[in-house]
Amino acid sequence: MQFPNEVGVTLADVADLGRLVPHDAPHQGVVIEVEALDDAWLGDLLHQAPERAVLLVLDQVTDPHNVGAILRSAAAFGAIGIVTQDRHSPPESGVIAKAASGALERVPWARVVNLARALEEIGEAGFWRIGLTGDADTDLKDALGPQRVALVLGAEGPGLRLNTKEHCDALARLPISEAIESLNVSNAAAVALYAASIA
């Protein structure tokens, strides 16, 4: 393996590497010390958004595996970023990085203090805010339309909070069969992102 001259390399055994990283970090035999990821700001995301854009908003989705998988889908379908609430979302971690498969470094992740206020700002920036909920009367394909869309997804189990629903322009559901009650939130995000990308 060849490294650039300015990168220092130290050979170590697996146990030594395990002591260098948090217990959940999937080092797989290599540890690299890097700078922390840059913070993403909601205002910058909205200001830099193209005419046609999809943004994901997560309402208290706390499982790091789900957030990582959502980041991966966001990268795959060209979402401009994800937005979460500071207090009710997992921190960046090895679990998220592994589930995201490189998307953690590619998809801007804006953390906000108040999700309802953020949704207001998103609406003012010209985004059509669609809350995904299984009890909606409208299918997602019928709720899509405007060029800028914010897809709002809630945590598994409780789903979207009432205040979050009230800050959406439309509520929509994914038309799944009666064989199963609902999709995992990361699967729902992937399906919704695909639907928005072809609308």
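Nothing in this text is a laboratory measurement; each read-out follows from the coordinates by a stated rule. Quick caveat, the model's predicted, so the values are computed rather than measured. Using ideal geometry, Cβ is built from the backbone for each residue, glycine included, and neighbour counts are taken over all protein chains shown.
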Sorting Thr164, Pro175, Val31 by the position of each Cα along the dipole of the chain (Lys, Arg +1; Asp, Glu -1; all at Cβ), the one nearest the positive end of that ordering is Pro175
State the extension gain, in nm to one decimal, for the chain segment bounded by Asp135 and Ser182, taking 0.36 nm per residue of separation less the distance between their alpha-carbons. 15.9 nm
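What relative contact order, as a whole-number percentage, does the stretch 140-199 give when Cα pairs under 8 Å and 6 or more residues apart are counted?
Over the stretch 140-199, the number comes to 54 percent.
Rounded to the nearest 0.05, what FRET efficiency do Glu124 and His88 have when you use their Cβ-Cβ distance and R0 = 30 Å?
Given R0 = 30 Å and the Cβ-Cβ separation, E is 0.85.
To the nearest 20 Debye, how big is the dipole of the chain about its Cα centre, given +1 on the beta carbon of each Lys and Arg and -1 on that of each Asp and Glu?
Details: 14 positive and 27 negative charges, 56 e Å.
The calculated dipole for the chain is roughly 260 debye.
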Per the Kirkwood formula over distinct C-alpha pairs, the hydrodynamic radius of the stretch 77-145 in angstrom is 14.3
Charge dipole of the stretch 42-198 about the Cα centre (unit charges at C-beta), most positive-ward option of Leu119, Thr138, Ala75: Ala75
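Exactly which trypsin sites (Lys or Arg not before Pro) in the stretch 105-196 are in a DSSP loop and have at most 15 other Cβ atoms within 10 Å?
Arg106
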I want to verify a result. In a Gaussian network model of the chain, Cα cutoff 10 Å, which of these has the top mean-square fluctuation: Gln147, Gln85, Gln48? Gln48
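For the stretch 42-198, just run the numbers: alpha carbon Rg, then divide by 2.2 N^0.38 Å, N being how many residues it has.
Scaled against compact globular proteins, the figure is 0.93.
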Considering the chain as a Gaussian network with a 10 Å cut-off on Cα pairs, which listed residue, Asn187, Asn66, Asn163, attains the greatest mean-square fluctuation? Asn163
In order over the stretch 123-136: 3J(HN,Hα) from phi, Karplus 6.51/-1.76/1.60, θ = phi - 60°, whole Hz, x for each Gly or Pro, gives x, 5, 7, x, 8, 8, 8, 10, x, 8, 8, x, 8, 6
Want the number for Ile32 to Arg106: 0.36 nm per residue separation, take away the alpha-carbon distance, what's left? 24.8 nm
Would you grab the residues whose amide H sits under 5 Å from the one on Ala40? Only those 5+ places off in sequence or on another chain, please, with H modelled 1.01 Å from N. Trp109, Arg111
Could you give the angle, 0 to 90 degrees to the nearest 10, between helix 185-198's Cα long axis and the longest principal axis of the Cα atoms of the chain? 70
Against the longest alpha carbon principal axis of the chain, how many degrees, from 0 to 90 and to the nearest 10, is the axis of helix 64-76 turned? 80
Please compute the length gained on full extension between Gln48 and Arg19, using 0.36 nm multiplied by the number of residues separating them and subtracting their Cα-Cα distance. 6.4 nm
